[in-house]
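Below you'll find the structure, written out as structure tokens, and then a few comments.
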Amino acid sequence: WNVKSLEALPSAPDQVVTNNRLGDDEHFIQKIISTIKKLQPSEEAFYVLDLGLVSNLMDTWKRNLPMVQSFYAVKCNPHPDLLATLAAQGSSFDCGSPSEIESILALGVSPDRIIYANPCKASSHIKYAAEVGVNVTTFDSVDEIEKIRKWHPKCSLLIRIKAPDESGCSFPLSSKFGALPEEVSLLLQGAQTAGLRVAGVSFHIGSKSYNFQAYKTAIEAAKEVFQEAARLCMPPMHVLDIGGGFVSEPSFFEAAAAVVKTSVETYFSAEERRSLKVIAEPGRFFAETAFTLVTNIIGKRVRGEVRQYWINEGFFGSMMCADPKTLLESCIALKCMYNNSDGIEKNPVLMVCGKATGCARTYSSTVFGPTCDSADKVLEGDQLPELEVNNLLVFLNMGAYTSACGSHFNGFGSAKITHLTN
Ligand code: PLP
């Protein structure tokens, strides 16, 4: 394999979006390349799912947050092999819909390992949860209390509060969910009057957060809700659900975990901690780095110094929720030809697109997805090496909110086939 020396390429300037895989883990890239090499030649885009990495991430989680039970957020990536691996490693699950609940129950996971973490649910969906024995859900509105009282009165509730600080995340959630501080007391009283048990508090600091202090301020706010429940003479709360937001880069995750641990110890006394159950709803942490997307360049146009390429995945497939800068950082070009009878060539040249300054010659390039809509762009005006039809564009870290968000617009869908590796 003719791998252009990765070390020789300059490091990316922005720490936050730097994909540590590209700089540090050449072995990982080689593993992906050899997986591609083993595959039958195919023009289709496909995913490679690294289940060994998922297991390692679970070890990392347990080492850093041993007192926090993970409820994997199925919405992030519901791939059955990912779900089965996480279930086998002891994870519980955050489901947002009956169909997600069904997929977890189908794995043989008991319903008491599921939290229905969607604060606003259709009545028929609440009824379904009651029927299958999913007995914990979140809420943040008065109307939700009435629906739960009517359709699932034995359900335990977690009051979802708005995290006080959502700065530093890439995907904020609080414009839609989370009770405001001034709404909390009325919501607790409403649940009390309805005869429902409020077992604790949940929050989400926003997805892909690099502001770890946000866990501290949210845990402090959650403690105030525990105190308000006590003032209202409600049965003591005992669940603290710290949501998602975690990234898997080791140093960032360790820093976030340290803030969580210290904050729980600061705001909950040793006596309170004895009965406290801390849970989390990580999605991105487990899914993002485990999936690699391999796409094929299916078209090219040269306009003077500008290059335009078409690949067989795009905005309406796996890239709807992707940040273009992150896509560029995690993109590798395999300059090799897919040959329909022999597969890929023996000696493809590998180029890290986000660091294309290391290449001999680059061009301002746009990469389109396959549909007929002009919004279907993956990269725009980025410096890429000269590529050809049938070269491959490989995107690392494509497991979070990618295929899960894909549509079937124009009859394409997102990459369907997933090859497993470990
Ligand atoms: N929990 C809830 C309620 C969510 O809405 C989300 C993401 O939208 C998650 C958990 C997962 O968050 P993340 O992928 O940041 O871990």
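Here, each number is a calculation from the coordinates, and none is a lab measurement. Just so you know, these numbers come straight off a predicted model, no measurement behind them. Glycine also receives a Cβ, built like all others from the backbone with ideal geometry; neighbour counts cover every protein chain displayed.
Taking the Cα centre as origin and putting +1 on Lys and Arg beta-carbons and -1 on Asp and Glu beta-carbons, what dipole magnitude results for segment 64-134, to the nearest 20 debye? All intermediate terms of the calculation are to be shown ahead of the outcome.
Details: 4 positive and 6 negative charges, 30 e Å.
Computed charge dipole of segment 64-134: roughly 140 debye.
To the nearest 20 debye, what is the magnitude of the charge dipole of segment 175-293 about its Cα centre, counting +1 on the Cβ of each Lys and Arg and -1 on the Cβ of each Asp and Glu? Could you put the intermediate results ahead of the total?
On the way: 11 positive and 13 negative charges, 36 e Å.
With Lys and Arg at +1 and Asp and Glu at -1, about 180 debye.
Where a ≥ b ≥ c are the square roots of the eigenvalues of the C-alpha gyration tensor, would you call segment 78-282 rounded, which needs a/c under 1.5, or, failing that, prolate if a/b is larger than b/c, or oblate? Walk me through the numbers before you get to the answer.
On the way: a/c = 1.57, a/b = 1.05, b/c = 1.49.
Since a/c reaches 1.5 but b/c is at least a/b, the shape of segment 78-282 is classed as oblate.
When GLU131, GLU166 are ordered from fewest to most other Cβ atoms inside 10 Å of their Cβ, what list results?
Least to most surrounded, the residues fall as GLU131, GLU166.
Of VAL48, VAL367, how do they rank once you tally other Cβ atoms within 10 Å and put the fewest first? Spell out each step's value before the answer.
On the way: VAL48 22, VAL367 27.
Least to most surrounded, the residues fall as VAL48, VAL367.
So which aspartates and glutamates pass the test for LYS223, namely a Cα distance under 17 Å, with those fewer than 8 places away in the same chain ruled out?
By straight Cα distance, LYS223 reaches ASP140, ASP165, GLU182, GLU183, ASP241, GLU265, GLU271, GLU272.
Work through the residues other than PHE177 whose Cβ is under 10 Å from its Cβ and net out their charges, Lys, Arg +1 and Asp, Glu -1.
Values: positive: ARG160, LYS162, LYS176; negative: ASP140.
Net local charge, PHE177 excluded: +2.
Among DSSP beta bridges whose residues both lie in segment 78-282, state the antiparallel percentage, nearest 5.
Values: 2 of 22 bridges.
Beta bridges within segment 78-282, antiparallel portion: roughly 10 percent.
Label GLU386 and SER251 with points 7 Å out from Cα along Cα→Cβ: what is the distance between them in nm?
3.8 nm
Cα-Cα over 27 Å: which of LYS154/LYS277; LYS121/LYS325; LYS208/LYS277; LYS75/LYS216; LYS121/LYS216? Don't skip to the answer; put the middle values down first.
On the way: LYS154/LYS277 19 Å; LYS121/LYS325 34 Å; LYS208/LYS277 24 Å; LYS75/LYS216 25 Å; LYS121/LYS216 29 Å.
From the list (LYS154/LYS277; LYS121/LYS325; LYS208/LYS277; LYS75/LYS216; LYS121/LYS216), the Cα-Cα distance tops 27 Å for LYS121/LYS325; LYS121/LYS216.
Taking a cut-off of 13 Å between Cα atoms, list the aspartates and glutamates near LYS377, but don't count ones fewer than 8 places away on the same chain.
Output for LYS377: GLU313, ASP323.
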